[in-house]
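Peer 1: Structure in structure tokens, see below.
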Amino acid sequence: MTGICGYWALNGRAGAAAACSKMQRALAIYGQDRAGAADEGEIALACQLARLLPEDLHDRQPLNSSDGRFTLVADLRLDNRPELGDALGIPPERLALMADSDLLLHAWSRWGIEAVPQLYGDFAFAIWDSHLRQLTLVRDFPGGRPLFYHCGDGWIGLASMAKGLHALPDVPLAADETTIARHLALLPMQGSGSFFAGIKRVEPGHMVQIRADGSVESSTWYQPPPALPPLADPQPYLDRVREVFDRAVADRLRSTSRITTTLSGGLDSTLVTATAADLLARSGKRITAYTHVPKPGLPLNDAPGFSGNESDLARKLAQRHDNIDHLLVASEDRHIGDDLDQRFHYAEMPALNLCNEVWISEICRRAGVTPKTVLLMAIFGNMTISSSGLKGLNDLLREGRIGTWLRTVSALLRHKGLAFRTILYMPLSFAIPAWLDKAIRRLFGHPHRDLRAFSSLADEIADAPVAHAPSLSRQAETIFREQSRGRRTEMLALFWQQELVTLSNKGMLARFGVDTRDPTSDRRLIDLCLSLPHEIYLDQGRLKGLYHRTFADRVDADIRLARSKGLQGADWAGRLLEAQSSIIEEAHRAGSSSVGEKLVDTPGLVALAESIPQMAGGDLEARATSYRYRLLRGLSVTHFLRKVEGRNG
């Protein structure tokens with residue numbers, strides 16, 4: 001990952017290069033290997049390069065096209081270099097000496113905006129067209145690299161992170177209340193709003209075109225693929241999934257440093273780790289796998305059907321591969337919320353799950369002992385390779401494939417994959433009135449998806465109409481139900497929301513020197529999984545059928561068929577009790593933020609913080625929504641707001 005920025009003086013005033021230089025210095029923490037700048041008079045572009053790929057040795061950004069028309073700065077990793085080289089007629093020996101940014105500029109010079117859908121990988125870039133006097137900003141789908149911009153009085157600024165724009169005196173440091181309120185309501189980030197007032201984000205899968213008259217146009221370049229037809233024998237589709245997944249992992253092994261991975265006992269991290277180990281073994285290389293384990297002596301949130309310690313399963317996977325160095329991480333010296341200030345500085349976002357931040361940041365700290373380490377993760381696997389496919393039943397009904405639906409349901413019942421009442425309820429859950437949905441869920445002992453159960457958003461904010469839209473509580477309820485509409489709907493709803501993961505990854509690079517990469521969010525894999533026939537995921541009544549049929553030889557049955565589901569951060573209750581004094585202090589400081597006092601139920605945060613001793617023991621799962629989500633998410637937000645407002649007391 002690299003820091004890029006730019007400043008365009010639309011009114012022709014001088015000072016573009018000086019302003020861009022201020023932005024560049026603010027972004028230096030995101031790329032310290034090389035600094036470059038281009039002064040084009042009315043516009044200046046700059047780059048702070050972090051060399052993470054072998055070809056980055058040849059990167060000389062900002063780049064100018066051979067005819068002088070285009071100037072490029074880019075934060076990117078292109079995963080389809082060979083295919084792009086062939087399409088552009090670049091000989092392999094020349095391609096080997098080209099940075100990804102060079103390849104991108106060649107593609108843009110040849111195809112213009114038509115090049116974007118042909119790019120696979122994580123990228124965010126800016127292209128200045130001196131002929132049209134037009135600036136184009138582009139982000140990949142699902143949004144692996146961030147990019148922000150600000151429309152000032154007669155000028156435009158762009159930066160990889162908001163701090164690049166806040167380096168300019170004309171950009172005030174303030175929180176965007178609408179985005180913060182939606183974040184507290186767990187609503188997806190929609191539109192161009194960011195966590196900061198006046199700073200817009202280029203949305204994932206979008207391009208923003210800015211013209212000399214100051215007009216700004218945002219458009220979607222990414223389009224989900226059409227569905228593939230069902231086959232009597234689905235093996236060709238399974239072979240294709242395996243091929244695309246293996247390519248996604250292989251492309252993320254391109255590095256100048258060592259490869260590490262997070263390894264739980266779950267399906268996705270075991271598959272990513274096993275695949276990476278097999279690929280690296282061919283060249284005699286090793287991989288380090290980190291497994292987080294609970295802190296000794298603390299109670300675990302071991303609810304029925306869940307496991308709070310997956311180290312035995314992780315160890316089994318590691319022992320199958322001679323080139324895996326397996327390390328257990330208990331994070332004994334870490335506490336919930338102990339790095340909030342660092343997270344604000346590096347990632348510029350309120351954390352969504354402070355319990356998991358403990359082990360994620362500790363693994364990154366250990367991996368970062370070796371600079372520029374790659375850390376493979378598998379955050380989005382349950383939406384691609386290991387999706388249960390359950391929502392596909394709704395798709396089958398909506399598509400009128402009643403016979404396939406009946407056969408699939410019959411197989412699910414035979415294998416006891418689901419209760420019959422659950423199958424009947426699924427297609428109704430998004431169509432019936434909210435009051436009836438609530439009554440049915442209560443009848444069968446399922447908690448209602450009530451915003452107040454997991455959000456510390458103040459009641460008057462949650463229940464107030466938003467402009468011409470329903471209240472946030474109603475919007476949250478609608479979105480929860482809409483995501484049950486179908487498999488494709490559920491997948492896309494999640495991938496459009498990758499912003500928090502992206503900002504966190506950017507922060508981990510700057511803070512620890514760790515380059516986080518996720519093969520399960522590869523766009524080639526996403527597109528393939530979106531297009532697969534629904535019944536492939538429900539193979540012969542077996543949930544996660546795609547995973548089991550495609551990767552049975554790579555992951556042992558005792559891991560694939562484990563009856564318990566792993567829980568990360570299962571020692572959260574004990575850690576919360578250990579950190580109570582600092583959490584109470586943070587809760588009392590929450591009200592010092594003027595925006596926090598307005599948006600958040602700050603007295604409720606204090607009450608929860610002070611009641612932590614009564615929470616320990618008993619049914620921890622039932623208490624998780626109040627403490628893990630309502631309390632800790634609320635404190636993460638109010639801390640963010642306090643830092644933005646410069647209030648520490």
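The values are calculated or read from the model by the stated rules, or taken from the named source; none is laboratory data. This one's a predicted model, so the numbers in the text were calculated from it and none came from an experiment. Reconstructed Cβ throughout: ideal geometry from the backbone, glycine too, with neighbour counts over all protein chains shown. Only protein heavy atoms, including side chains, enter the accessible area calculation; ligands, DNA and RNA are left aside. Shrake-Rupley method; radii C 1.70, N 1.55, O 1.52, S 1.80 Å.
Peer 1: Quick one: of the DSSP bridges fully inside the chain, what percent are antiparallel, nearest 5?
Peer 2: 75
Peer 1: Taking θ as phi - 60°, what are the ³J(HN,Hα) couplings along segment 14-28 by the Karplus curve (6.51, -1.76, 1.60), each to the nearest whole Hz, with x for Gly and Pro?
Peer 2: 6, x, 4, 5, 5, 5, 5, 5, 4, 5, 4, 5, 5, 9, 4
Peer 1: Shifting gears a bit: Within the accessible area of the chain, what % is carbon and sulfur when the probe is 1.4 Å and the other protein chains stay in place?
Peer 2: 53
Peer 1: Can you find, among ALA510, GLN483, ILE584, the residue sitting farthest towards the positive end of the charge dipole of segment 476-589, where Lys and Arg contribute +1 and Asp and Glu -1 at Cβ?
Peer 2: Checked the options; the winner is GLN483.
Peer 1: Just from the alpha-carbon atoms, what are the Rg and Dmax of segment 320-374 in angstroms?
Peer 2: Calculated on Cα positions, Rg and Dmax stand at 13.4, 40 Å.
Peer 1: Using a ≥ b ≥ c from the Cα gyration tensor of segment 1-92 (square roots of the eigenvalues), is it rounded, prolate or oblate, where a/c under 1.5 gives rounded and otherwise the larger of a/b and b/c decides, a/b for prolate?
Peer 2: Note, shape of segment 1-92 comes out oblate.
Peer 1: Once you place label points 7 Å from the Cα toward the Cβ at GLN540 and ARG94, how far apart are they in nm?
Peer 2: Here the answer is 5.3 nm between the modelled labels.
Peer 1: Another question, if that's okay. Separation of segment 149-183 and segment 494-530 by C-alpha centroid, Å?
Peer 2: Distance between centres, Cα-based: 23 Å.
Peer 1: Moving on to the next point. Compute the distance in nm between two label points, each set 7 Å from the Cα along the Cα-to-Cβ direction, one at LYS316 and one at ARG13.
Peer 2: If labels sit at LYS316 and ARG13, their model points lie 6.7 nm apart.
Peer 1: Please state, rounded to one decimal and in Å, the Kirkwood hydrodynamic radius that segment 120-257 gives when every pair of distinct Cα atoms enters the mean of 1/r.
Peer 2: Averaging 1/r across every pair of different Cα atoms and inverting gives 17.8 Å.
Peer 1: Give, in nm to one decimal, the length gained when the segment between ARG442 and ARG286 is fully stretched (0.36 nm per residue of separation minus the Cα-Cα distance).
Peer 2: 51.0 nm
Peer 1: For the residue pair GLU482 and GLU177, what label-to-label distance in nm results when each label sits 7 Å from Cα along the Cα-to-beta-carbon direction?
Peer 2: 2.4
Peer 1: Sort segment 106-171 into rounded, prolate or oblate with this rule: let a ≥ b ≥ c be the square roots of the eigenvalues of the Cα gyration tensor; rounded if a/c is under 1.5, and if a/c is not under 1.5, prolate when a/b is larger than b/c, oblate otherwise.
Peer 2: Note, shape of segment 106-171 comes out oblate.
Peer 1: Which GluC sites (Glu not before Pro) in segment 348-434 sit in a loop by DSSP (not H, G, I, E or B) and have at most 16 other Cβ atoms within 10 Å of their own Cβ?
Peer 2: Those that pass, being in a loop and sparsely packed, are GLU399.
Peer 1: So which trypsin sites (Lys or Arg not before Pro) in segment 513-604 pass both tests, a DSSP loop state and at most 11 other Cβ atoms within 10 Å of the Cβ?
Peer 2: Qualifying residues, ordered by number: ARG563.
Peer 1: List the extent of the Cα atoms of the chain along each of their three principal axes, largest first, rounded to whole Å.
Peer 2: 68, 60, 49
Peer 1: Sequence gap at least 6, Cα distance under 8 Å: using those rules, report the relative contact order of the chain to the nearest whole percent.
Peer 2: Relative contact order comes out at 16 percent.
Peer 1: Related question: Note the full-extension length gain between SER219 and HIS345 as 0.36 nm times their separation in residues minus their Cα-Cα distance, in nm to one decimal.
Peer 2: Result: 42.3 nm gained on full extension.
Peer 1: Right, another one. Any of LYS438/LYS598; LYS22/LYS598; LYS316/LYS565; LYS163/LYS295 with alpha carbons more than 26 Å apart? Name them for me.
Peer 2: Table pairs above 26 Å Cα-Cα are LYS438/LYS598; LYS22/LYS598; LYS163/LYS295.
Peer 1: If R₀ is 45 angstrom, what is the calculated FRET efficiency for the pair ALA552 and HIS335, using the beta carbon separation as r and rounding to 0.05?
Peer 2: 0.65
Peer 1: Counting only helical runs of four or more DSSP H residues, what would the 222 nm mean residue ellipticity of the chain come to if each run contributes -39,500 (n - 2.57) and the total is spread over all its residues?
Peer 2: Estimated from H runs of four or more residues: -11500 deg cm²/dmol.
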